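I have placed the structure first, in the form of structure tokens, so that the comments after it can refer back to it.
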Amino acid sequence: MTSSVNAVVVTTVVGSRTAADDIARELVTRRLAACVQVSGPLASTYRWDNKINVDEEWRVDCKTTQPAADALVAAIVQLHSYDVPEVLVVPVLAGHPAYLSWMAGEVAADIGADS
């Protein structure tokens, strides 16, 4: 297992399977993510406008590199229908070397180069 990696998982949730699939396809097409997994439906309970809500949502997990994370987050915010979308970036501490190598090769190398 590789313990020194440059990988992150960026997660968001959306209100429909169609929206999740559209975002997934767009992020992979733009080479911002190597792989995007959609899971759901799931129940989300949260407070918004001082009201407790329970909604059906789909989770979108994006595998990408640390240098591409800011551009990926910006793309999610642009594509998302929510006023304040949940977008979390979680570091990958270790993983299968062949997978991590493949992932890095699928994400555009010049993303984040100006950062």
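A few points about this structure:
- Yes/no for Val87 being among the β-branched types (Val, Ile, Thr), over 12 Å from the mean Cα position of the chain (by Cα) and either surrounded by fewer than 16 Cβ atoms within 10 Å (Cβ to Cβ) or within 17 Å of Val13 (Cβ to Cβ) (or both): no
- Selection from the stretch 59-77 of residues that are touching a helix residue (DSSP H, G or I) at 6+ places or on another chain (Cβ under 9 Å), part of a strand (DSSP E or B) and of a type outside the set (Lys, Arg): Val60, Cys62, Thr64, Thr65
- Test for Ala113: is it aliphatic (A, V, I, L, M) and at pLDDT 95 or above: no
- Inter-residue pairs, beta-carbon under 7 Å, first farther than 19 Å from Leu79 by Cα and at pLDDT 95 or above and in the stretch 45-62, second aromatic (Phe, Trp, Tyr) and in a strand (DSSP E or B), 6+ apart: Asn53/Tyr46
- One residue stands out in the stretch 41-75 among those that are out of contact with any strand residue (DSSP E or B) (no Cβ under 8 Å at 6 or more places or on another chain) and under 22 Å from Ala104 (Cα atoms): the one that is surrounded by the most Cβ atoms within 10 Å (Cβ to Cβ), namely Ala68.
- Condition met for Glu56 (assigned to a strand (DSSP E or B) and on the phi < 0 side of the Ramachandran plot): yes
The values are calculated or read from the model by the stated rules, or taken from the named source; none is laboratory data. Keep in mind it's a predicted model, so treat the numbers as computed, not measured. Here Cβ is always computed from backbone atoms with ideal geometry, including for glycine, and neighbour counts include all displayed protein chains.
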